[in-house]
1. With a 1.4 Å probe and all protein chains left in place, how much accessible area per residue does the range 229-356 have, in Å²?
2. Please say if the range 250-309 is rounded, prolate or oblate, where rounded means a/c under 1.5 for a ≥ b ≥ c the square roots of the C-alpha gyration tensor eigenvalues, and otherwise the choice is prolate for a/b larger than b/c and oblate otherwise?
3. Rounded, prolate or oblate: pick one for the range 104-223, where a ≥ b ≥ c are the square roots of the eigenvalues of its C-alpha gyration tensor, a/c under 1.5 means rounded, and failing that, prolate if a/b is larger than b/c, else oblate.
4. If the limit is 29 Å between Cα atoms, which of 27/108; 100/171; 227/286 go over it?
5. For residue 75, what charge total do you get from the other residues with a beta carbon under 13 Å from its beta carbon, if Lys and Arg give +1 and Asp and Glu give -1?
6. Nothing charged except the Cβ atoms of Lys and Arg (+1) and of Asp and Glu (-1): what's the magnitude of the dipole of the range 253-336 about its Cα centre? Round to the nearest 20 debye.
7. For the range 289-302, just list the computed ³J(HN,Hα) in residue order, Karplus coefficients 6.51, -1.76 and 1.60, θ = phi - 60°, integers in Hz, with x standing in for Gly and Pro.
8. So if I place +1 on the C-beta of Lys and Arg and -1 on the C-beta of Asp and Glu, and nothing else carries charge, what would the dipole magnitude of the range 11-83 be about its Cα centre? I want it in debye, nearest 20.
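The values are calculated or read from the model by the stated rules, or taken from the named source; none is laboratory data. What you are looking at is a predicted structure, and each value in this text was computed from that prediction instead of being measured. Because the Cβ atoms are built from the backbone with ideal geometry, glycine has one as well, and the counts that use them run over all protein chains shown. Quick note on the areas: whole protein, heavy atoms, side chains included, nothing else; ligands and nucleic acids left out. Shrake-Rupley method; radii C 1.70, N 1.55, O 1.52, S 1.80 Å.
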Amino acid sequence: MIVLGIETTCDETAAAVVERADDGGGKILSNIVLSQVGEHAEFGGVVPEIAARAHVEALDHVVAEAMNQAGRSYSELDGVAAAAGPGLIGGVIVGLTTAKAIALVNKKPLVAINHLEAHALTARLTDNIPFPFCLFLASGGHTQIVAVRGIGDYVRLATTMDDAIGEAFDKTAKMLGLGYPGGPEVERLAATGDPQRFALPRPMQGRPDPNFSLSGLKTAVRLEAEKIAPLSERDIADLCASFQQAVVDTVFDRLRMGVRTFRIKYGTPSALVAAGGVAANQAIRKALSRVAMEAGTELVAPPLELCTDNGAMIAWAGAERLALGLTDELDVAPRARWPLDEVAAANAPRRTAAYK
Ligand code: KG4
Ligand code: ZN
């Protein structure tokens, strides 16, 4: 089964062609990602209007390149998948409309994919892991612990009460005068800093529910920085290290609680799966390995380019759905908001909730 996937929910214009074998094995035939980071950098974050326009300009070329590199023609596709949300609505409209046009012209089934579902299923593309598994999804927009029980069968065990982890990295970086996106910059500087120098809070630590809260930590960094301003390079490195250590301790504590909750409800997970841009952070990965080992399971973290937004994960989720005969009508609506636990395996209610 061969599927084209399109991703335009944030600041990556991406398309890929993926093949799914009958035994469930996955193969990426092409995976083109055009990052808009340069266009948003001067604003310190993603500007929705700029993102939507950039998707319009780039998407046709990115799709053509994905088909070209895969060496396949449209007639050889078994389906066309696009992220239909959640995300910045202007970009989602561009990707979904393009997918609809390709599906219509080539008489192929359309699969409207929830972007979070695609992150969740990536570990099945790379490692062919069985259900149920415990997903830790941490990106610029999301921080969730999810029980992935089957295609379309997701139970959210935890979320953040305020900022996402990636957002906390980005805001901290901005506050310290570092570049965007902030995560990689903070990680780089943290390696040279002293994680003990500033006593920062570990929000929610010890709470029996596995939820997150990050905004207090970010404020604590700001207060420490204001106390010692103007900041030297050493101060900045120490603040990065202390901030990252607080996040790592928090992730360890919250995931431990999340996996515990998972085990009580569904038994030992087949794996702890890390997804989203934050999973690129080596210190966070180490903490997740410890959680997995303690729980008698293994950590599966897809390679970096498949952790961050890409078209292969959308194509793969499309292939998994197609294999079950789950497709969408051509009037399926794009959605800015679309919680993962609303993604039912049956696709009946998907057309109704437009632009929410
Ligand atoms: O999944 P992603 O590429 O895009 C979405 O937000 O959907 O994640 C991007 C986020 C940004 O907030 C970025 O700062 C964060 O992931 N990030 C990191 C690292 N690399 C990327 N955070 C911490 N450490 C990193 N090495
Ligand atoms: Zn994402």
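1. Working: 5300 Å² over 128 residues.
The answer is 41 Å² per residue.
2. Prolate, because a/c is 1.5 or more and a/b exceeds b/c.
3. On the way: a/c = 2.49, a/b = 1.75, b/c = 1.42.
Cα axes put the range 104-223 in the prolate bin.
4. Table pairs above 29 Å Cα-Cα are 100/171; 227/286.
5. Values: positive: 72, 107, 108; negative: 76, 78.
For residues surrounding residue 75, the net value is +1.
6. Values: 10 positive and 9 negative charges, 131 e Å.
In total the dipole reaches around 620 debye.
7. Taking θ as phi minus 60°, the curve returns 4, 4, 4, 4, 4, 4, 8, x, 10, 10, 8, 10, 10, x Hz for the range 289-302.
8. It works out to roughly 120 debye.
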